[in-house]
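Scroll down for the structure; my scribbles are underneath it.
The values are calculated or read from the model by the stated rules, or taken from the named source; none is laboratory data. All figures in this text were calculated on a predicted structure; none of them were measured in a lab. Here the Cβ positions follow ideal geometry from the backbone for every residue, glycine too, while neighbour counts run over all protein chains shown. When the accessible area is computed, the model is the full protein with side chains, heavy atoms only, and any ligands, DNA or RNA have been set aside. Shrake-Rupley method; radii C 1.70, N 1.55, O 1.52, S 1.80 Å.
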Amino acid sequence: MAAPALGRLALTHLLVALFGMGSWAAVNGIWVELPVVVKDLPEAAAFHGLLLLLPSLPSVPAGGPGPELQVATPGTEEEEEEEEEALPLQEPPSQAAGTNCGPDPETHWWLSAQGACLLGLLAVTSALTNGVLPAVQSFSCLPYGRLAYHLAVVLGSAANPLACFLAMGVLCRSLAGLGGLSLLAGLFGAYLMVLAILSPCPPLVGTSAGVVLVVLSWVLCLGMFSYVKVATSSLLHGRGRPALLAAGVAIQVGSMLGAGAMFLPTSVYRVFHSGKDCVDPCKP
(Lines give C-alpha, C1' and ligand atoms only; values in the text may rest on other atoms or scores of the structure.)
Protein backbone atom coordinates (compact mmCIF):
# COMPACT_ATOMS: atom_id res chain seq x y z
CA MET A 1 0.00 0.00 0.00
CA ALA A 2 2.92 2.32 0.60
CA ALA A 3 4.13 2.29 -3.02
CA PRO A 4 0.73 3.18 -4.60
CA ALA A 5 0.20 5.93 -2.00
CA LEU A 6 3.64 7.36 -2.72
CA GLY A 7 2.94 7.24 -6.45
CA ARG A 8 -0.35 9.11 -6.04
CA LEU A 9 1.38 11.70 -3.86
CA ALA A 10 4.11 12.24 -6.47
CA LEU A 11 1.50 12.53 -9.22
CA THR A 12 -0.47 15.05 -7.16
CA HIS A 13 2.62 17.19 -6.60
CA LEU A 14 3.47 17.00 -10.30
CA LEU A 15 -0.02 18.13 -11.30
CA VAL A 16 0.11 21.01 -8.80
CA ALA A 17 3.48 22.09 -10.21
CA LEU A 18 2.17 21.98 -13.78
CA PHE A 19 -0.92 23.92 -12.70
CA GLY A 20 1.24 26.62 -11.17
CA MET A 21 3.52 26.80 -14.21
CA GLY A 22 0.59 27.09 -16.58
CA SER A 23 -1.04 29.80 -14.48
CA TRP A 24 2.00 32.05 -14.37
CA ALA A 25 3.74 31.34 -17.67
CA ALA A 26 1.54 33.73 -19.64
CA VAL A 27 1.76 36.65 -17.22
CA ASN A 28 5.47 36.31 -16.47
CA GLY A 29 6.28 35.66 -20.13
CA ILE A 30 4.52 38.81 -21.32
CA TRP A 31 5.90 40.85 -18.43
CA VAL A 32 9.50 39.88 -19.22
CA GLU A 33 8.98 40.84 -22.86
CA LEU A 34 7.76 44.35 -22.01
CA PRO A 35 11.22 46.01 -22.02
CA VAL A 36 11.72 44.77 -25.57
CA VAL A 37 8.34 45.60 -27.10
CA VAL A 38 6.86 48.46 -25.07
CA LYS A 39 8.61 51.16 -27.11
CA ASP A 40 8.28 49.46 -30.46
CA LEU A 41 4.63 48.44 -30.58
CA PRO A 42 2.13 51.10 -31.71
CA GLU A 43 -0.10 50.07 -28.76
CA ALA A 44 2.64 51.31 -26.22
CA ALA A 45 1.12 51.37 -22.69
CA ALA A 46 -2.25 50.08 -24.03
CA PHE A 47 -0.27 46.84 -24.32
CA HIS A 48 -0.84 46.32 -20.60
CA GLY A 49 -4.57 46.20 -21.24
CA LEU A 50 -4.16 42.96 -23.16
CA LEU A 51 -3.31 41.29 -19.86
CA LEU A 52 -6.94 41.71 -18.88
CA LEU A 53 -7.87 39.17 -21.57
CA LEU A 54 -5.85 36.46 -19.86
CA PRO A 55 -7.67 34.02 -17.58
CA SER A 56 -7.76 34.96 -13.95
CA LEU A 57 -4.91 33.56 -11.92
CA PRO A 58 -5.64 31.13 -9.10
CA SER A 59 -5.83 32.65 -5.66
CA VAL A 60 -2.52 31.27 -4.42
CA PRO A 61 -1.77 33.17 -1.19
CA ALA A 62 1.74 34.32 -1.98
CA GLY A 63 1.69 35.79 -5.42
CA GLY A 64 3.09 32.67 -7.08
CA PRO A 65 3.68 28.98 -6.85
CA GLY A 66 5.74 28.12 -3.84
CA PRO A 67 5.67 26.37 -0.50
CA GLU A 68 2.48 28.15 0.43
CA LEU A 69 0.67 25.87 -2.06
CA GLN A 70 0.71 22.70 -0.04
CA VAL A 71 -0.97 19.39 -0.74
CA ALA A 72 -3.05 18.04 2.10
CA THR A 73 -2.29 14.44 2.90
CA PRO A 74 -4.02 12.30 5.48
CA GLY A 75 -2.07 11.72 8.68
CA THR A 76 -2.52 10.38 12.13
CA GLU A 77 -4.04 12.33 14.95
CA GLU A 78 -0.69 12.39 16.74
CA GLU A 79 1.01 13.99 13.71
CA GLU A 80 -1.68 16.65 13.51
CA GLU A 81 -1.27 17.44 17.17
CA GLU A 82 2.51 17.76 16.75
CA GLU A 83 2.02 20.13 13.80
CA GLU A 84 -0.36 22.26 15.83
CA GLU A 85 2.14 22.46 18.67
CA ALA A 86 4.85 23.60 16.24
CA LEU A 87 2.75 26.40 14.78
CA PRO A 88 3.77 29.93 15.82
CA LEU A 89 1.58 32.68 17.20
CA GLN A 90 -0.89 30.11 18.49
CA GLU A 91 -3.18 30.61 21.42
CA PRO A 92 -3.36 27.79 23.99
CA PRO A 93 -5.99 25.22 22.96
CA SER A 94 -9.23 25.07 24.81
CA GLN A 95 -8.42 21.55 26.00
CA ALA A 96 -5.60 22.98 28.14
CA ALA A 97 -8.25 24.56 30.31
CA GLY A 98 -9.77 21.14 30.93
CA THR A 99 -12.98 21.83 29.04
CA ASN A 100 -14.38 21.09 25.63
CA CYS A 101 -17.15 23.66 25.84
CA GLY A 102 -17.20 26.92 23.98
CA PRO A 103 -16.21 27.86 20.42
CA ASP A 104 -13.06 26.47 18.81
CA PRO A 105 -10.31 29.11 19.18
CA GLU A 106 -8.95 28.18 15.75
CA THR A 107 -12.18 29.27 14.11
CA HIS A 108 -11.92 32.91 15.19
CA TRP A 109 -8.14 33.19 15.55
CA TRP A 110 -7.81 35.30 12.41
CA LEU A 111 -10.06 37.90 14.04
CA SER A 112 -7.54 38.40 16.85
CA ALA A 113 -4.85 41.10 16.88
CA GLN A 114 -2.20 38.72 15.60
CA GLY A 115 -4.42 37.43 12.83
CA ALA A 116 -5.41 40.95 11.82
CA CYS A 117 -1.75 41.99 11.67
CA LEU A 118 -0.85 39.04 9.44
CA LEU A 119 -3.80 39.67 7.12
CA GLY A 120 -3.03 43.39 6.99
CA LEU A 121 0.61 42.64 6.18
CA LEU A 122 -0.48 40.30 3.42
CA ALA A 123 -2.85 42.90 1.98
CA VAL A 124 -0.24 45.69 2.02
CA THR A 125 2.49 43.59 0.42
CA SER A 126 0.05 42.39 -2.25
CA ALA A 127 -0.99 45.98 -2.98
CA LEU A 128 2.63 47.03 -3.43
CA THR A 129 3.84 44.07 -5.48
CA ASN A 130 0.72 43.57 -7.60
CA GLY A 131 -0.43 47.15 -8.09
CA VAL A 132 1.77 50.02 -6.98
CA LEU A 133 5.31 48.98 -7.93
CA PRO A 134 4.54 47.41 -11.35
CA ALA A 135 2.86 50.67 -12.39
CA VAL A 136 6.09 52.66 -11.96
CA GLN A 137 8.69 50.09 -13.01
CA SER A 138 9.20 51.49 -16.50
CA PHE A 139 9.44 55.07 -15.20
CA SER A 140 12.07 54.13 -12.63
CA CYS A 141 14.18 51.97 -14.98
CA LEU A 142 14.00 53.39 -18.51
CA PRO A 143 15.96 56.58 -17.72
CA TYR A 144 18.93 54.29 -17.04
CA GLY A 145 18.50 52.48 -20.36
CA ARG A 146 16.65 49.49 -21.75
CA LEU A 147 19.26 47.11 -20.36
CA ALA A 148 18.51 48.30 -16.83
CA TYR A 149 14.78 47.89 -17.46
CA HIS A 150 15.28 44.41 -18.90
CA LEU A 151 17.49 43.27 -16.02
CA ALA A 152 15.10 44.67 -13.42
CA VAL A 153 12.14 42.83 -14.93
CA VAL A 154 13.91 39.51 -15.48
CA LEU A 155 15.83 39.38 -12.20
CA GLY A 156 12.85 40.75 -10.28
CA SER A 157 10.68 37.95 -11.64
CA ALA A 158 13.36 35.41 -10.68
CA ALA A 159 13.48 36.80 -7.14
CA ASN A 160 9.93 35.60 -6.47
CA PRO A 161 10.53 31.83 -6.83
CA LEU A 162 13.93 32.15 -5.15
CA ALA A 163 12.26 33.72 -2.13
CA CYS A 164 9.71 30.88 -2.11
CA PHE A 165 12.46 28.27 -2.09
CA LEU A 166 14.28 30.15 0.66
CA ALA A 167 11.15 30.11 2.78
CA MET A 168 10.99 26.33 2.45
CA GLY A 169 14.28 26.05 4.34
CA VAL A 170 14.35 29.20 6.46
CA LEU A 171 10.90 30.37 7.52
CA CYS A 172 10.54 33.45 9.71
CA ARG A 173 7.85 32.76 12.29
CA SER A 174 8.07 36.10 14.10
CA LEU A 175 5.53 38.79 13.40
CA ALA A 176 8.08 41.44 14.38
CA GLY A 177 10.63 39.90 12.03
CA LEU A 178 8.18 39.91 9.12
CA GLY A 179 7.25 43.50 9.89
CA GLY A 180 10.91 44.54 9.95
CA LEU A 181 11.59 42.78 6.66
CA SER A 182 8.58 44.49 5.12
CA LEU A 183 9.83 47.85 6.34
CA LEU A 184 13.24 47.23 4.76
CA ALA A 185 11.62 46.22 1.48
CA GLY A 186 9.43 49.32 1.72
CA LEU A 187 12.54 51.50 1.88
CA PHE A 188 13.73 50.05 -1.41
CA GLY A 189 10.24 50.57 -2.79
CA ALA A 190 10.28 54.20 -1.67
CA TYR A 191 13.61 54.70 -3.45
CA LEU A 192 12.13 53.26 -6.64
CA MET A 193 9.08 55.50 -6.30
CA VAL A 194 11.33 58.55 -5.96
CA LEU A 195 13.19 57.52 -9.11
CA ALA A 196 9.88 57.21 -10.96
CA ILE A 197 8.71 60.63 -9.77
CA LEU A 198 12.00 62.23 -10.84
CA SER A 199 11.87 60.52 -14.25
CA PRO A 200 13.23 61.19 -16.84
CA CYS A 201 16.13 62.73 -14.87
CA PRO A 202 16.62 60.68 -11.69
CA PRO A 203 19.90 60.72 -9.72
CA LEU A 204 22.95 58.99 -11.21
CA VAL A 205 21.36 58.80 -14.65
CA GLY A 206 23.88 57.88 -17.30
CA THR A 207 26.18 56.13 -14.82
CA SER A 208 26.88 52.48 -14.09
CA ALA A 209 26.21 53.07 -10.41
CA GLY A 210 22.69 54.23 -11.21
CA VAL A 211 22.02 51.07 -13.24
CA VAL A 212 23.33 48.80 -10.47
CA LEU A 213 21.31 50.58 -7.79
CA VAL A 214 18.01 50.51 -9.65
CA VAL A 215 18.34 46.83 -10.64
CA LEU A 216 19.50 45.79 -7.17
CA SER A 217 16.68 47.76 -5.55
CA TRP A 218 14.07 46.02 -7.70
CA VAL A 219 15.48 42.56 -7.00
CA LEU A 220 15.76 43.08 -3.24
CA CYS A 221 12.40 44.82 -2.96
CA LEU A 222 10.46 42.14 -4.85
CA GLY A 223 12.44 39.33 -3.26
CA MET A 224 11.82 40.47 0.31
CA PHE A 225 8.15 41.21 -0.30
CA SER A 226 7.75 37.77 -1.88
CA TYR A 227 9.37 36.15 1.14
CA VAL A 228 7.06 38.05 3.48
CA LYS A 229 4.01 36.92 1.54
CA VAL A 230 5.14 33.31 1.54
CA ALA A 231 5.96 33.34 5.25
CA THR A 232 2.69 35.05 6.14
CA SER A 233 0.69 32.61 4.05
CA SER A 234 2.51 29.69 5.65
CA LEU A 235 1.60 30.95 9.12
CA LEU A 236 -2.02 31.31 8.08
CA HIS A 237 -1.99 27.89 6.45
CA GLY A 238 -2.05 26.13 9.79
CA ARG A 239 -5.09 28.03 11.00
CA GLY A 240 -7.57 26.16 8.89
CA ARG A 241 -9.98 27.07 6.15
CA PRO A 242 -11.28 30.35 7.63
CA ALA A 243 -7.76 31.76 7.82
CA LEU A 244 -6.96 30.66 4.26
CA LEU A 245 -10.20 32.20 3.02
CA ALA A 246 -9.36 35.46 4.79
CA ALA A 247 -5.85 35.35 3.30
CA GLY A 248 -7.26 35.00 -0.21
CA VAL A 249 -9.59 37.94 0.38
CA ALA A 250 -6.70 40.03 1.74
CA ILE A 251 -4.57 39.29 -1.33
CA GLN A 252 -7.31 40.14 -3.82
CA VAL A 253 -8.51 43.26 -2.01
CA GLY A 254 -4.96 44.51 -1.51
CA SER A 255 -4.09 43.95 -5.16
CA MET A 256 -7.27 45.72 -6.29
CA LEU A 257 -6.67 48.72 -4.05
CA GLY A 258 -3.04 49.00 -5.11
CA ALA A 259 -3.90 48.92 -8.80
CA GLY A 260 -6.80 51.32 -8.35
CA ALA A 261 -4.68 53.77 -6.37
CA MET A 262 -2.16 54.01 -9.23
CA PHE A 263 -4.71 54.57 -11.99
CA LEU A 264 -5.21 58.28 -11.40
CA PRO A 265 -1.54 59.31 -10.99
CA THR A 266 -0.37 57.26 -13.98
CA SER A 267 -3.24 57.53 -16.48
CA VAL A 268 -5.09 60.74 -15.57
CA TYR A 269 -2.82 63.23 -13.81
CA ARG A 270 0.39 62.04 -15.49
CA VAL A 271 2.52 62.37 -12.38
CA PHE A 272 5.23 60.23 -13.97
CA HIS A 273 6.95 61.31 -17.19
CA SER A 274 8.82 59.30 -19.80
CA GLY A 275 11.85 60.41 -21.74
CA LYS A 276 11.86 60.90 -25.50
CA ASP A 277 14.06 59.08 -27.97
CA CYS A 278 17.04 61.04 -29.35
CA VAL A 279 16.41 63.79 -26.80
CA ASP A 280 18.40 64.35 -23.61
CA PRO A 281 16.02 66.15 -21.20
CA CYS A 282 18.62 66.13 -18.44
CA LYS A 283 21.00 68.59 -20.05
CA PRO A 284 21.02 72.03 -18.37
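Observations
- Per this entry, Pro281 is not counted among residues that are touching a helix residue (DSSP H, G or I) at 6+ places or on another chain (Cβ under 6 Å) and in a loop (DSSP other than H, G, I, E, B).
- Single condition Gly206 does not satisfy, out of (1) at positive phi; (2) in contact with an Asp or Glu (Cβ under 8 Å, 6 or more places away or on another chain); (3) among the small types (Gly, Ala, Ser): (2)
- Looking only at region 172-193, and only at residues there that are aliphatic (A, V, I, L, M) and free of Cβ contacts under 8 Å to residues at least 40 places away in the same chain, the one that is nearest to Leu133 (Cα to Cα): Ala190
- Matching residues, region 173-207, being at pLDDT 95 or above and of a type in the set (S, T, N, Q): Ser182
- Residues of region 203-227 satisfying the condition of being crowded, with 22+ Cβ neighbours inside 10 Å and touching a Gly at 6+ places or on another chain (Cβ under 7 Å): Trp218, Cys221, Leu222, Ser226
- Near pairs, Cβ below 9 angstrom, 6+ apart or cross-chain, from region 158-171 (more than 20 Å from Leu216 (Cα to Cα)) to any residue that is of a type in the set (A, V, I, L, M) and outside any helix (DSSP H, G or I): Ala167/Ala62
- Number of positions in region 161-202 that are out of contact with any Pro (no Cβ under 9 Å at 6 or more places or on another chain) and either surrounded by fewer than 19 Cβ atoms within 10 Å (Cβ to Cβ) or in a helix (DSSP H, G or I) (or both): 24
- Meets criteria (closer than 22 Å to Met193 by Cα and either open to solvent by less than 50 Å² (accessible area, probe 1.4 Å) or not hydroxyl-bearing (Ser, Thr, Tyr) (or both)) for Ser267: no
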